[in-house]
1. Consider segment A:75-95. How many of its residues are crowded, with 23+ Cβ neighbours inside 10 Å and out of contact with any Pro (no Cβ under 7 Å at 6 or more places or on another chain)?
2. Restricting attention to segment C:48-69, report how many residues are within 11 Å of ligand 2 (Cβ to nearest atom) and in contact with a His (Cβ under 8 Å, 6 or more places away or on another chain).
3. Looking at (1) in a loop (DSSP other than H, G, I, E, B); (2) not assigned by TED's automatic domain parsing to the domain that holds residue B:167; (3) not hydroxyl-bearing (Ser, Thr, Tyr), which is the only condition residue B:41 fails?
4. What are the residues in segment C:72-112 that are more than 16 Å from ligand 2 (Cβ to nearest atom), modelled with pLDDT under 90, under 12 Å from residue C:39 (Cα atoms) and more than 9 Å from chain A (Cβ to nearest Cβ), if any?
5. Among (1) at pLDDT 90 or above; (2) over 23 Å from residue B:158 (Cα atoms), there is one condition residue A:150 misses while meeting the rest; what is its number?
6. With respect to the numbered conditions (1) modelled with pLDDT of 90 or more; (2) more than 21 Å from residue C:54 (Cβ to Cβ); (3) more than 14 Å from chain A (Cβ to nearest Cβ), which one is the sole condition not fulfilled by residue C:176?
7. Looking only at residues that are without any contact (Cβ under 8 Å) to a residue 60 or more places away in the chain and out of contact with any helix residue (DSSP H, G or I) (no Cβ under 7 Å at 6 or more places or on another chain) in segment B:93-132, which one is surrounded by the fewest Cβ atoms within 10 Å (Cβ to Cβ)?
8. Between residues in segment C:60-71 that are within 14 Å of chain A (Cβ to nearest Cβ) and part of a strand (DSSP E or B) and residues that are near ligand 1 (Cβ under 6 Å from one of its atoms) and of a type in the set (A, V, I, L, M, F, W, C), which pairs lie under 7 Å by C-beta distance while being six or more apart or on different chains?
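The values are calculated or read from the model by the stated rules, or taken from the named source; none is laboratory data. Computed from a predicted structure; not experimentally measured. Neighbour counts run over all protein chains shown; Cβ positions are idealised from the backbone, glycine included.
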Amino acid sequence: MQSESHEQLHLRRSRISDRWFMAGVYGATGLFVAIVAGLFVELYAGSSSSIHAFGFKFLTSSHWNPVTNQFGALPMIYGTVVSSLIAIVLAGFVGVFGAAYLVEFAPRAVARPLAFLIELLAAVPSVIFGLWGLFILAPVLRAYVEPFLQAKFGFLPIFQGFIFGSSLFTAGIVLAIMIVPTVSAITRDVIAAVAREHREASMALGATRWETMARVILPGATTGIFGACVLALGRALGETIATTMVIGNKPAIAASLFQPAYTLASVIANEFTEATSDLYVSALIELGLLLFVVSLAVNGIARVLTWTVLRPAKAR
Amino acid sequence: MKRVNVLGAALSFAALVVAPALAATQLTGAGSSFVNPFFSKAFYEYSAAHSDVTVNYQPIGSGGGIQQFTQRTVDFGASDVPMNADEIKRLPASAVQVPIALGGVAVTYNLPSFIKGGLKLTRETLADIYLGKIAKWNDPRLTKINPGAELPDAPIIVVHRSDGSGTTYIFTDFLSHVSGEWKSKVGTGKSVEWPAPSAVGGKGNDGVAGAVRQTSGSIGYVELAYVHENKMTQAQLQNAAGRFGFCTGRGVAAAAATKLNLTPTDFSIVDTKGETAWPIAGYTWAFMYREYQKPEEKSRAKMVRDVLEWTATSGQRIAGTLDYVPLPESVQEIAKKSLSEIKV
Amino acid sequence: MPAPYQFPYLVGGAETLARPASEPRPPSKMATDGLNVFYGQFHAIKHVTLSLPDRRVSALIGPSGCGKSTFLRALNRMHDLTPEARVEGSVTLDGTDIYGPGIDPVEVRHRIGMVFQRANPFPKSIFENVVFGPKVHGERRHRELIEICERSLVKAALWDEVKDRLNSSALGLSGGQQQRLCIARQLAVEPEVILMDEPASALDPLATAKIEDLIFALRRDYAVVIVTHSMQQAARVSDLTSFFLLGEMIETGPTAEVFTHPTDRRTEDYITGRFG
Ligand SMILES: Nc1ncnc2c1ncn2[C@@H]1O[C@H](COP(=O)(O)OP(=O)(O)OP(=O)(O)O)[C@@H](O)[C@H]1O
Ligand SMILES: [Mg+2]
């Protein structure tokens with residue numbers, strides 16, 4: 001009798017703690033949603049006078065003129081998206097193959113320090129990347145890399161025109177270096193998590209390490225690698241100071257990657273402190289709103305891609 | 001009896017320890033980052049001489065300075081451009097604006113071959129370069145004023161500040177004065193829409209200097225102090241009187257001296273007529289409210305006023321050592337007179 | 001006092017798979033000579049010399065942790081993938097030392113296949129699983145791949161169950177089907193030796209029986225080495241049995257002999273279930 005009541009008590013207690021746990025989980029989730037929603041509302045409210053004044057034209061106009069209070073964000077949207085795309089393509093390539101090398105091929109004596117070094121990059125403040133990009137990378141790109149690309153692939157519009165040191169290209173590379181640690185660290189974990197048994201199965205069938213990597217491990221890790229890239233892309237989209245220092249800060253859309261450009265975050269960083277008119281401030285906040293929306297959109301597209309492209313591929 | 005003595009001793013000891021900390025009132029200001037090096041040194045020296053006051057200045061930018069001043073979260077603000085009518089309308093009370101520092105903006109460039117005596121530019125050619133109308137270094141209008149100089153057949157890369165800044169305001173103010181087309185097409189502002197197709201923006205003086213230094217065929221504008229510190233190549237600019245010259249403290253002072261009736265609404269000292277004047281220069285302004293009511297506010301305001309007055313007069317000697325240009329006597333008088341209008 | 005022991009697996013002739021009584025002993029396909037395997041400082045396999053005949057099934061038995069898997073993995077250089085493992089001594093395939101200089105471990109694994117304890121199909125379709133090996137080895141012709149796929153699945157006794165869903169995911173198969181798929185996948189690369197590490201340990205009796213039939217059938221074409229914990233299984237499918245204990249090979253011989261007249265006391269103890 002006594003033991004029975006004891007048991008009941010015990011059961012009930014665990015149920016209560018379950019309830020607390022659930023409350024905690026829902027609370028945290030709710031709070032998170034509330035923060036995001038609050039941020040959106042706040043940005044929307046702050047940009048209302050700009051939205052009212054320019055409407056949809058804000059998205060299609062290429063003029064950013066604080067003197068006449070005419071504002072359009074198209075070049076900044078373009079610069080933000082393209083610089084981040086360059087970054088994610090480069091960082092994705094380097095990060096994934098680097099991670100593959102570190103996990104599967106590098107001798108341990110090399111892999112450990114190299115992995116540590118790469119992850120150390122993540123701890124370097126962005127302003128350092130900006131300075132490095134401006135004073136070391138940009139001159140090298142301008143003197144050697146960009147003329148080379150122009151000579152070899154000059155028929156492509158993206159490599160044409162005058163070569164500036166500060167450009168979309170330079171910004172893309174600096175961003176790529178900044179986000180490589182994110183891609184490579186997560187990819188490393190994901191690759192390591194691909195079951196050892198699949199790896200062994202492939203090797204037992206006479207596949208080389210590279211074949212195993214290319215045909216079993218990477219395909220098995222696509223979803224995770226994709227997630228890593230989306231996370232890294234988020235960082236690239238929002239990066240401010242390093243981009244500002246090397247992108248050339250020019251609100252114009254050019255076909256060539258060697259031309260200066262501008263990003264949403266950079267305009268805000270450059271002009272917010274000195275913006276005094278209400279409409280000007282409001283337009284800057286609307287840029288923030290756009291950055292928010294662009295980030296959400298990129299994440300959304302990435303999600304949809306994971307569902308539609310990667311899922312069936314896995315089952316096939 | 002003895003006990004009281006002990007207590008008294010303890011109290012006086014406490015007073016001794018606490019006294020300096022209690023007595024020093026901390027005044028706060030915010031705004032222009034351009035004046036920050038000067039303010040830091042000036043306020044440091046002021047506190048050394050007046051142990052009852054310390055000043056905490058936050059260089060958050062002129063816009064931020066005006067905003068904080070409007071919200072009364074700081075004791076004074078500073079801006080590279082005086083507050084305009086709009087901004088003044090938004091203030092909770094009437095304010096006094098005084099010139100507090102003077103600076104020049106120099107033109108710097110980067111060309112592959114050395115030009116003896118430096119590149120020469122007229123006001124019009126500088127404007128047309130920034131308009132994108134003179135797009136190559138070997139443009140006849142440039143070769144004409146630079147006989148003998150080796151000017152390459154290369155595009156001119158126009159470098160400007162990407163961040164909103166008083167420096168840009170002064171520079172575009174100058175261009176608006178010397179070029180009708182600039183005035184109508186671009187205008188004057190801390191940030192403008194740069195018309196030249198080859199324009200590149202650098203963040204801060206460092207950003208502009210870095211871009212110019214690394215880009216052969218580029219031209220840019222930076223604060224005078226920055227040119228000196230970094231030994232950058234300066235261009236000679238023709239002034240309104242037709243004389244070519246470099247940006248120097250003396251040239252800036254000469255420009256300032258031509259404007260005797262300086263007021264917060266008529267403050268421009270670009271393109272002045274002085275014989276030796278450098279044409280791209282401007283003041284930084286400090287501001288505080290005209291009246292204070294509460295006794296506690298009054299005593300604070302009095303300290304602020306004293307600090308600003310000292311900075312605008314005796315403190316100007318420090319400006320010289322930091323490659324700012326000391327305010328001319330006449331302007332120091334204007335500052336003093338404006339400050340004396342404050343009722344505390 | 002223990003009752004005199006009888007070998008239940010061998011008396012009931014119906015339970016044992018039919019096997020010609022006295023075949024001439026076939027030549028050895030693989031052999032180890034003084035094989036040692038170390039994991040760091042730990043000496044896991046100690047001086048094992050063993051011959052594995054062609055077209056026969058050799059069973060490795062012994063208590064858990066005695067080194068059966070370690071030995072098996074030494075036979076196709078799987079230890080190359082484990083940084084802390086070190087192999088000494090020789091392992092020969094048709095007389096050639098597979099650890100010798102100039103030997104490509106990938107080629108070794110191509111010729112000596114392995115089936116693992118847990119079925120490990122790739123997260124791909126059934127078809128892609130089977131043709132993985134041939135594709136890796138350069139077979140591009142689709143018609144050829146389809147043929148290989150069918151042939152291997154038939155051999156692995158899986159064809160009838162999956163022929164209508166070759167393009168659906170291999171992960172949708174049952175455990176027993178998955179294991180047979182893994183065997184089919186291995187057969188598709190046409191190895192000469194097939195190593196199996198407890199291939200039926202996770203399966204129910206029916207699935208186990210199917211795998212055992214399969215193993216027995218494989219001996220027509222391959223040298224098969226199988227690690228097992230089940231005495232019945234060893235008795236049913238193997239021609240040769242070797243008993244391992246603490247990294248040493250205690251005894252080896254024709255299965256019937258090892259089970260009926262073990263020469264070593266420890267073998268007898270293990271087989272009769274008196275320890276381990
Ligand atoms: N990677 C490794 N590192 C260190 N020691 C290992 C490693 N793998 C196996 N061992 C050790 O080597 C010995 C033999 O292991 P092995 O896996 O070969 O045993 P087994 O006979 O296959 O056992 P089981 O029947 O349980 O599968 C064990 O003591 C084990 O702990
Ligand atoms: Mg084992």
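1. Step one: of segment A:75-95, the residues crowded, with 23+ Cβ neighbours inside 10 Å are A:76, A:79-80, A:83-84, A:87-88, A:91, A:95.
Now restrict to residues that are out of contact with any Pro (no Cβ under 7 Å at 6 or more places or on another chain): A:79-80, A:83-84, A:87-88, A:91, A:95.
Going through segment A:75-95 one residue at a time, the tally reaches 8.
2. Total meeting the criteria: 1.
3. Every listed condition holds for residue B:41 apart from (1).
4. C:84
5. (2)
6. Only one criterion in (1) modelled with pLDDT of 90 or more; (2) more than 21 Å from residue C:54 (Cβ to Cβ); (3) more than 14 Å from chain A (Cβ to nearest Cβ) is unmet by residue C:176, namely (1).
7. Looking only at segment B:93-132, we keep the residues that are without any contact (Cβ under 8 Å) to a residue 60 or more places away in the chain, and these are B:113-116, B:124-125, B:127-128.
In the following step, the residues that additionally are out of contact with any helix residue (DSSP H, G or I) (no Cβ under 7 Å at 6 or more places or on another chain) were identified as B:113-116, B:128.
Working: B:113: 8, B:114: 9, B:115: 17, B:116: 6, B:128: 22.
Out of the qualifying residues, it is B:116.
8. Close Cβ pairs (under 7 Å, with a partner that is near ligand 1 (Cβ under 6 Å from one of its atoms) and of a type in the set (A, V, I, L, M, F, W, C)) do not exist here.
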